[in-house]
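Peer 1: Here you go, one structure.
The values are calculated or read from the model by the stated rules, or taken from the named source; none is laboratory data. From a predicted model like this one, the values you see are computed outputs, not experimental measurements. A quick note on method: Cβ atoms are made from the backbone with ideal geometry, for glycine too, and the neighbour counts reach across all protein chains shown. In case anyone asks, the SASA skips ligands and DNA or RNA and just uses the protein heavy atoms, side chains included. Shrake-Rupley method; radii C 1.70, N 1.55, O 1.52, S 1.80 Å.
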Amino acid sequence: MSWMPTDDPVLGDPKTCDALDLVIVPRTRDLGDGFAVRRALPHGKRQMVGPFIFFDHFGPVQFIAGKGMDVRPHPHIGLATVTYLFDGKIMHRDSEGNIQEIAPGAMNLMTAGRGIAHSERTPEVERRDGQNMLGLQSWIALPKGSEEIAPSFQHFAAGTLPTVETSGFTARVIAGSAFGKSSPVTMVSPWFYAEVNARAGTSVPLDPDHEERAIYLVDGEIEIAGDRHVGPQLLIFRPGDRITVRVQTDTRMMFLGGDALEGPRHIWWNFVSSSNERIEQAKQDWKTGRFAAVPNESEFIPLPE
């Protein structure tokens with residue numbers, strides 16, 4: 001997706017337990033037609049969790065027949081995008097020639113590297129009939145030595161991703177390793193991402209194996225160390241502590257994080273880089289048409305002025 005920063009809200013006390021470093025309340029924007037986006041990262045007090053540098057929660061939204069989402073072609077560098085849906089479908093097209101309908105539970109990783117452009121639109125059938133939509137889009141900042149790798153796209157249907165089922169919760173391992181299982185997704189740095197659906201009264205562990213960890217509470221209510229949290233919120237934890245999540249109501253949440261990168265990143269519009277000069281180059285490349293075009297697309301999002 002495409003973005004520009006917005007003001008952060010005034011937060012309450014983030015230190016709800018010894019292991020909890022920060023609580024982020026996503027700031028909400030309406031992109032039109034009732035399409036709500038909640039943005040948790042980047043934040044004024046925290047740029048990244050592991051390599052996660054951008055985290056958007058879009059929907060729930062009901063598109064009536066004849067309406068849909070139309071994110072026109074736009075560019076990225078220095079990052080990988082993860083589009084993950086709970087409801088609805090999106091048609092992905094990019095300048096490498098990849099065309100993929102994204103369905104709920106599937107893993108879709110577009111690595112921009114040295115540069116890619118893509119569009120995200122409602123597929124024809126869903127536009128004709130109308131659909132509900134709810135999902136997440138994250139950006140994964142690439143390590144400094146991999147920022148200029150060749151662009152690529154990976155797709156794994158929901159049924160091909162490893163899952164964990166217990167008496168109280170289910171988890172799908174989208175990327176990396178969690179709950180003793182590993183996703184087939186190829187990554188250029190260590191990070192993990194998992195969807196967890198838990199029933200009231202269940203306890204779910206967040207392992208201490210990863211350097212940086214967070215839980216994005218999509219909906220529901222949980223308790224950690226005696227303090228309650230209601231979605232949507234991003235809870236960021238200090239390294240090393242074993243966390244037990246006690247579920248108060250039926251809850252959907254995302255476990256995420258990974259190894260910290262070697263330094264901060266510059267982020268402007270849809271560009272991420274360890275170098276400001278590289279961002280400036282990307283601006284000019286998009287403005288002058290040097291990015292490859294997305295096939296079968298005649299529109300594009302102009303460079304913000």
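Peer 1: Got a sec? Which strands (runs of 3 or more DSSP E) wholly within the stretch 37-152 have at least 2 residues that are touching a Gly at 6+ places or on another chain (Cβ under 8 Å)? Before you say what the answer is, go through the steps one by one.
Peer 2: Numbers: elements: 52-63, 70-76, 79-87, 90-94, 99-102, 107-111, 116-121, 131-141.
It comes to 52-63, 70-76, 79-87, 131-141.
Peer 1: To continue, here is another question. Restricting the search to the stretch 192-217, which residues are within 24 Å of Leu134 (Cα to Cα), in a strand (DSSP E or B) and open to solvent by 10 Å² or more (accessible area, probe 1.4 Å)?
Peer 2: Filtering the stretch 192-217 down to residues within 24 Å of Leu134 (Cα to Cα) leaves 192-200, 204, 213-217.
After this cut, where a residue has to be in a strand (DSSP E or B) as well, the list is 192-198, 204, 213-217.
Those that are within 24 Å of Leu134 (Cα to Cα), in a strand (DSSP E or B) and open to solvent by 10 Å² or more (accessible area, probe 1.4 Å): Glu195, Asn197.
Peer 1: Which residue pairs have Cβ atoms closer than 9 Å, lie 6 or more positions apart in sequence or on different chains, and pair a first residue in the stretch 231-254 that is at pLDDT below 95 and among the basic types (Lys, Arg) with a second residue that is surrounded by fewer than 22 Cβ atoms within 10 Å (Cβ to Cβ) and assigned to a loop (DSSP other than H, G, I, E, B)?
Peer 2: Pairs that qualify, where the first residue is at pLDDT below 95 and among the basic types (Lys, Arg) and the partner is surrounded by fewer than 22 Cβ atoms within 10 Å (Cβ to Cβ) and assigned to a loop (DSSP other than H, G, I, E, B), are Arg238/Asp18; Arg238/Ala19; Arg242/Ala19; Arg242/Asp207; Arg242/Pro208.
Peer 1: Which of the numbered conditions does Asp87 fail, given that it passes all the others? Conditions: (1) farther than 18 Å from Ser189 by Cα; (2) touching a residue at least 60 places away in the same chain (Cβ under 8 Å); (3) among the charged types (D, E, K, R).
Peer 2: Against the list (1) farther than 18 Å from Ser189 by Cα; (2) touching a residue at least 60 places away in the same chain (Cβ under 8 Å); (3) among the charged types (D, E, K, R), Asp87 comes up short only on (2).
Peer 1: Kindly list the number of the only condition in (1) within 24 Å of Gly159 (Cα to Cα); (2) under 16 Å from the mean Cα position of the chain (by Cα); (3) not small (Gly, Ala, Ser) that fails for Ile236.
Peer 2: Condition not satisfied by Ile236: (1).
Peer 1: So, one more: Name the pairs whose Cβ atoms lie under 7 Å apart, with the first residue in the stretch 275-291 and closer than 13 Å to His76 by Cα and of a type in the set (Val, Ile, Thr), the second open to solvent by less than 90 Å² (accessible area, probe 1.4 Å) and at pLDDT 95 or above, and 6 or more positions between them or separate chains?
Peer 2: Filtered contacts from the stretch 275-291: Ile279/His266; Ile279/Trp268; Ile279/Phe271; Ile279/Ser273.
Peer 1: Residues to consider are Pro73, Pro14, Pro60, Pro51; find the one that is touching a strand residue (DSSP E or B) at 6+ places or on another chain (Cβ under 8 Å), more than 27 Å from Lys287 (Cα to Cα), at pLDDT 95 or above and of a type outside the set (A, V, I, L, M, F, W, C). Write out each step before concluding.
Peer 2: Working: Pro73 fails: more than 27 Å from Lys287 (Cα to Cα); Pro14 fails: at pLDDT 95 or above; Pro60 fails: at pLDDT 95 or above.
Result: Pro51 is the single residue among Pro73, Pro14, Pro60, Pro51 that is touching a strand residue (DSSP E or B) at 6+ places or on another chain (Cβ under 8 Å), more than 27 Å from Lys287 (Cα to Cα), at pLDDT 95 or above and of a type outside the set (A, V, I, L, M, F, W, C).
Peer 1: Another one. Just checking, does the stretch 138-151 include any residue being surrounded by fewer than 17 Cβ atoms within 10 Å (Cβ to Cβ), in contact with a Pro (Cβ under 7 Å, 6 or more places away or on another chain), among the charged types (D, E, K, R) and at negative phi?
Peer 2: no
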